[in-house]
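To keep things clear, I will list the structure first and then write my remarks on it.
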Amino acid sequence: MIYLNRVNILSEKFPVLDHYPFNMKIFQDTGVVSFTTPITFFMGENGTGKSTLLKALAHRCGIHIWESESNLRYQPNPHENNLYKAVCVEWADGPVPGSYFGSQIFSHFAKNLEEWAVNDGEMLNYFGGKSLITQSHGQSLMSYFSSRYRIKGLYLLDEPETALSPSSLIELLNLLIRTARAGHAQFIIATHSPLLLACPGALIYSFDRPVIEPVRYEDTAYYHLYKNFMNHPEKFINNG
């Protein structure tokens, strides 16, 4: 199911061109990012803007991002979280609910859920029926994913591979495939994982190029890096 058709990046609405993220050429030069499959990946090196655009999508789509107020800087960038003000989205048939997942903020959400469950234990039923903080981090993530993604909606995930083992990543990949085939969820995922990027039929956008554009799985830098490493690890290991 495709709920979100496209996002338009309106560079003419950028308030400045010399502060992040508006100083990034990839945002200045990319006009449209379209979503034509139930599962879309944003891939690229750190600092290329994939997570920044994902957060802007969340804000523009009315999806709440659980964030702790403790991550405050002494000299904050007033423009850092304002890319959403210069993007517009096109829905297929009106907005749908959804959620945003980031590994750094998941523990903050899990602790809040634990506090809510003190007064209403049934809250845990929406997330696998178990406390998310009494399971291992990987187990709690899979409990959250398998329960939350049964609900119709748009789901944004920022580097879910961070706390998952390879076997759990394959489990997540199969969960994404099953959920997408059921026809009630759309996923947009920022990732470095070649395991997730191997998803059949998924659309992959590269942020490693001058503009955001589609790329074949076999042409991604991660595919080549992992393949070459597995075939010839000695070429990558410095023995001093």
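Being modelled with pLDDT of 80 or more, of a type in the set (A, V, I, L, M) and crowded, with 18+ Cβ neighbours inside 10 Å is the requirement here; does residue 124 meet it?
no
Restricting the first member to region 47-68 and to residues that are over 13 Å from residue 22 (Cα atoms), and the second to residues that are charged (D, E, K, R) and crowded, with 17+ Cβ neighbours inside 10 Å, the beta-carbon pairs closer than 8 Å and six or more apart or on different chains are 51/158; 51/159; 54/158; 55/158; 65/55. For region 56-83, how many residues are under 22 Å from residue 199 (Cβ atoms) and either part of a helix (DSSP H, G or I) or modelled with pLDDT under 90 (or both)? So the count comes out to 2. Of the residues 46, 8, 23, which single one is over 27 Å from residue 103 (Cβ atoms) and either in a strand (DSSP E or B) or out of contact with any helix residue (DSSP H, G or I) (no Cβ under 8 Å at 6 or more places or on another chain) (or both)? 8 is the lone residue from the list that is over 27 Å from residue 103 (Cβ atoms) and either in a strand (DSSP E or B) or out of contact with any helix residue (DSSP H, G or I) (no Cβ under 8 Å at 6 or more places or on another chain) (or both).
Among the residues of region 1-58, what is the count of those that are out of contact with any strand residue (DSSP E or B) (no Cβ under 8 Å at 6 or more places or on another chain) and on the phi > 0 side of the Ramachandran plot? I'd like the intermediate steps shown before the answer.
Start the filter on region 1-58 by keeping residues that are out of contact with any strand residue (DSSP E or B) (no Cβ under 8 Å at 6 or more places or on another chain), which leaves 11-26, 28-29, 45-49, 52.
Okay, now just the ones that are also on the phi > 0 side of the Ramachandran plot, so 47, 49.
The total comes to 2.
Within region 203-217, the only residue that satisfies the criterion of being more than 22 Å from residue 22 (Cα to Cα), of a type in the set (A, V, I, L, M) and more than 14 Å from the chain's Cα centre (by Cα) is 215. Among the residues making up region 182-222, those that are closer than 18 Å to residue 147 by Cβ and out of contact with any Phe, Trp or Tyr (no Cβ under 7 Å at 6 or more places or on another chain) are 182, 184.
Taking first residues from region 1-12 that are of a type in the set (Phe, Trp, Tyr) and partners that are buried (at least 17 other Cβ atoms within 10 Å of the Cβ), the Cβ contacts under 7 Å between residues at least 6 apart in sequence or on separate chains come to 3/96; 3/154; 3/186. If we keep just the residues of region 11-20 that are among the charged types (D, E, K, R) and in a helix (DSSP H, G or I), which is surrounded by the fewest Cβ atoms within 10 Å (Cβ to Cβ)? That would be 12.
Restricting the search to region 33-42, which residues are out of contact with any helix residue (DSSP H, G or I) (no Cβ under 6 Å at 6 or more places or on another chain), among the hydrophobic types (A, V, I, L, M, F, W, C) and assigned to a strand (DSSP E or B)?
Result: 33, single match.
Of 197, 154, all but one fail to be in contact with a strand residue (DSSP E or B) (Cβ under 6 Å, 6 or more places away or on another chain), touching a residue at least 60 places away in the same chain (Cβ under 8 Å) and over 17 Å from residue 34 (Cβ atoms); the exception is 197.
Here is a yes/no grid of residues against (1) under 24 Å from residue 104 (Cα atoms); (2) in a strand (DSSP E or B); (3) among the acidic types (Asp, Glu):
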| position | (1), (2), (3) |
| --- | --- |
| 154 | yes, yes, no |
| 172 | yes, no, no |
| 176 | yes, no, no |
| 181 | no, no, no |
| 189 | yes, yes, no |
| 210 | no, no, no |
| 229 | no, no, no |
| 234 | no, no, yes |
| 239 | no, no, no |
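Checked against (1) in contact with a Ser or Thr (Cβ under 9 Å, 6 or more places away or on another chain); (2) without any contact (Cβ under 8 Å) to a residue 60 or more places away in the chain; (3) over 21 Å from residue 27 (Cα atoms); (4) not aliphatic (A, V, I, L, M), residue 238 meets all criteria but (1).
The values are calculated or read from the model by the stated rules, or taken from the named source; none is laboratory data. Given the structure is predicted, the values throughout are model-derived calculations rather than measurements. When we count neighbours, we look across all protein chains shown, and the Cβ atoms used for this are built from the backbone with ideal geometry, even at glycine.
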